[in-house]
Amino acid sequence: MTYYEVRLAQIHAQDYTQYAIAAAERLLAEIGPGAGVVLDLGCGAADLADVVMPAGYDYVGVDLSPSMVALAKGRRPGIRVIQASAFDLPEIADTRAIVAVGEVVNYATDPRAGLAGIHAWLRACHKALPAGGVLLLDVAGPLRADPEPATRVNQGEDYRLEVTTVTDPSRRTLTRTIRIFDDAGEQTETHVLELIDPMEMLAALRSAGFDAIALPAYRDDLPFPRGWSGFLARVP
């Protein structure tokens, strides 16, 4: 199952970066300028780097999509970006913060997505961070979409995007069918997410040893859509 192939990666990097940038600003407000590494899991085009690097941090991005990795390296030469699953944390010395925004831990490109692997992943994040280190993430929950299919249409400068979303409450999954229409014709990707209840996520964070709170938004003027929950967690 391949997600974010070339055209969708380009569209995402062009028009859908607002939450990643808001998350970077929220992270920086929490940790302040400093030194060390910010590890960005599911980094996409590495927009986070533009916020944290001027504040003194080194940046390491991780993304499973070869197209996203190539896009990140092409747009921001010199940064370190690794092609890998977000569930395989690279061993990076002096990691100050870990970020996993954009429903990264829900994506079923990895069998550990959702609750299946979240406890082990959170323990690994806790181990990778020093005292005071921060984990910032968000998840898609059971209310992210309705059981009946719904389609939204977004018109870009040179493309039309049709996204049909449906949940399966019994399996706790969400399926997005993404159709791109542009001069090259029609392309389709199907994304499957393993849904995580926000209360279960909060409990898992605390069980892993974090002090954690839920966030209604990364930025006051950009609230999360329905069924999308953010979390700020710190190693005591």
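The values are calculated or read from the model by the stated rules, or taken from the named source; none is laboratory data. Please read these numbers as outputs of a predicted model, since none were measured by experiment. We place every Cβ from the backbone using ideal geometry, glycine too, and count neighbours over all the protein chains shown.
Answer yes or no as to whether residue 24 is touching a Leu at 6+ places or on another chain (Cβ under 7 Å) and either in a loop (DSSP other than H, G, I, E, B) or under 24 Å from residue 225 (Cβ atoms) (or both).
Yes: the conditions hold for residue 24.
Can you run down the residue pairs with Cβ atoms below 8 Å, 6 or more apart or on separate chains, where the first is in the stretch 122-139 and farther than 25 Å from residue 217 by Cβ and the partner is in a strand (DSSP E or B)?
128/39; 128/95; 128/98; 130/95; 130/96
Under 7 Å between Cβ atoms, which residue pairs at least 6 apart in sequence (or on different chains) link something in the stretch 12-24 that is under 17 Å from residue 158 (Cβ atoms) with a partner that is surrounded by fewer than 17 Cβ atoms within 10 Å (Cβ to Cβ)?
15/156
Mind telling me which of the residues 231, 181 ends up being farther than 30 Å from residue 155 by Cβ and assigned to a strand (DSSP E or B)?
231 is the lone residue from the list that is farther than 30 Å from residue 155 by Cβ and assigned to a strand (DSSP E or B).
Could you run through the stretch 63-77 and say how many residues are touching a helix residue (DSSP H, G or I) at 6+ places or on another chain (Cβ under 9 Å), farther than 19 Å from residue 25 by Cα and not in a helix (DSSP H, G or I)?
Adding up the residues that qualify gives 2.
Of the residues in the stretch 104-122, how many are β-branched (Val, Ile, Thr) and in a loop (DSSP other than H, G, I, E, B)?
Residues flagged as β-branched (Val, Ile, Thr) and in a loop (DSSP other than H, G, I, E, B) within the stretch 104-122 amount to 1.
Taking the conditions exactly as written (within 20 Å of residue 206 (Cβ to Cβ), under 20 Å from the mean Cα position of the chain (by Cα) and modelled with pLDDT of 95 or more), does residue 163 satisfy them or not? Talk me through it step by step, then tell me what you get.
Numbers: within 20 Å of residue 206 (Cβ to Cβ): no; under 20 Å from the mean Cα position of the chain (by Cα): yes; modelled with pLDDT of 95 or more: yes.
For residue 163, the condition - within 20 Å of residue 206 (Cβ to Cβ), under 20 Å from the mean Cα position of the chain (by Cα) and modelled with pLDDT of 95 or more - is not met.
Report whether or not residue 153 is in contact with a Ser or Thr (Cβ under 6 Å, 6 or more places away or on another chain), part of a strand (DSSP E or B), of a type in the set (A, V, I, L, M, F, W, C) and more than 27 Å from residue 89 (Cα to Cα).
no
Considering the stretch 191-211 alone, what residues qualify as being in contact (Cβ under 8 Å) with a residue 24 or more places away in the chain and outside any loop (DSSP other than H, G, I, E, B)? Walk me through how you get there before you give the answer.
Looking only at the stretch 191-211, we keep the residues that are in contact (Cβ under 8 Å) with a residue 24 or more places away in the chain, and these are 191-198, 200-202, 204-205, 207-211.
Those that are in contact (Cβ under 8 Å) with a residue 24 or more places away in the chain and outside any loop (DSSP other than H, G, I, E, B): 191, 192, 193, 194, 198, 200, 201, 202, 204, 205, 207, 211.
Restricted to the stretch 1-38, and to residues that are of a type in the set (D, E, K, R) and surrounded by 13 or more Cβ atoms within 10 Å (Cβ to Cβ), which residue is farthest from residue 96 (Cα to Cα)?
Top of the filtered list is 7.
Only residues that are in contact (Cβ under 8 Å) with a residue 60 or more places away in the chain and charged (D, E, K, R): list them for the stretch 58-84, please.
75
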